[in-house]
Amino acid sequence: MKQLTRTIALAAMLAAVITTPVRAEDVKAGDLLISQPWSRQTPAGAKVAGGYFTIENKGAAADRLVGGSGDIAGRVEIHEMAMEGGIMKMRPLDKGLAIDPGKTVKLGPGGYHLMLMNLKGQLKQGDKVPLTLQFEKAGKVNVSLDVQGVGAQAPGGGDHSGHSGHMMKK
C-alpha cells in the first residue's frame, strides 16, 4: 500500500511539472524586480520585434530604464504607444522610462515596450532571447525573453485581447 501511495504521489508531482507553463525567471537588480520577460514570434525576414516585461521598484529612490542590447538585434530602444488626436502613435523615449519608488511599470503590447531593431534572425515560439537592460542606477541587468506565438497578448500564452492593452504606471 505504501508503494502505491508513493507511485500515485510521484505521478501527481510529475503531471504538475509537465503541465506547468514555462515562465521566464524573475530577475532582481538592486531594488528592482523584473518579471515575465517575453516577446512574440516574428515572421521570417522581419527586422523588428517587441520586448515586454514588468518592472517593480521596491526601493525608496526612482530608477530609469535607459536602454538595452542583445546579440539578436542591431539596436534596442524603449518606445511608447499613445493616442494623439485619435491616432495611435509610437515614439521612442529618448530619456528612458522612469520607474518611481514603490511603483510598477508594465511593458506590453499597445503601451511601453522595447523595440528590437535590425533583427539578425527570426524569433521563434519557444526560443529564449537573451537581452541586457540598462538602468540608470541598477546598471546592466541580463534577462531572457520567452518567445510566445505570433498573436500573443501576454506571456505564457495568456490572451487578453479583450483588453485595450495600454500599459501605464500604477
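Here LYS137 clears all of (1) of a type in the set (D, E, K, R); (2) in a strand (DSSP E or B); (3) open to solvent by 20 Å² or more (accessible area, probe 1.4 Å) except the condition numbered (2).
How many of the residues in the range 114-148 are polar (S, T, N, Q), farther than 30 Å from ASP100 by Cβ and touching a Ser or Thr at 6+ places or on another chain (Cβ under 6 Å)? Break it down stepwise before answering.
Our first condition is that a residue be polar (S, T, N, Q); within the range 114-148, this holds for 118, 122, 125, 132, 134, 142, 144, 148.
Subset that is farther than 30 Å from ASP100 by Cβ: 118, 122, 125.
Pick out the ones that are also touching a Ser or Thr at 6+ places or on another chain (Cβ under 6 Å) and you get 122.
Residues meeting the conditions: 1.
The residues on offer are LYS28, LYS58, and the sole one that is of a type in the set (Lys, Arg) and either touching a Ser or Thr at 6+ places or on another chain (Cβ under 7 Å) or modelled with pLDDT under 95 (or both) is LYS28. For the range 121-134, the condition of being in contact with a Gly (Cβ under 7 Å, 6 or more places away or on another chain), at pLDDT 95 or above, assigned to a loop (DSSP other than H, G, I, E, B) and open to solvent by 30 Å² or more (accessible area, probe 1.4 Å) holds for at least one residue.
The values are calculated or read from the model by the stated rules, or taken from the named source; none is laboratory data. Please read all numbers here as calculations on a predicted model, not as lab measurements. Quick reminder, even Gly has a Cβ in these numbers, built from the backbone with ideal geometry, and neighbours come from all protein chains shown. Heads up: the accessible areas ignore ligands, DNA and RNA and are worked out on the full protein's heavy atoms, side chains in. Shrake-Rupley method; radii C 1.70, N 1.55, O 1.52, S 1.80 Å.
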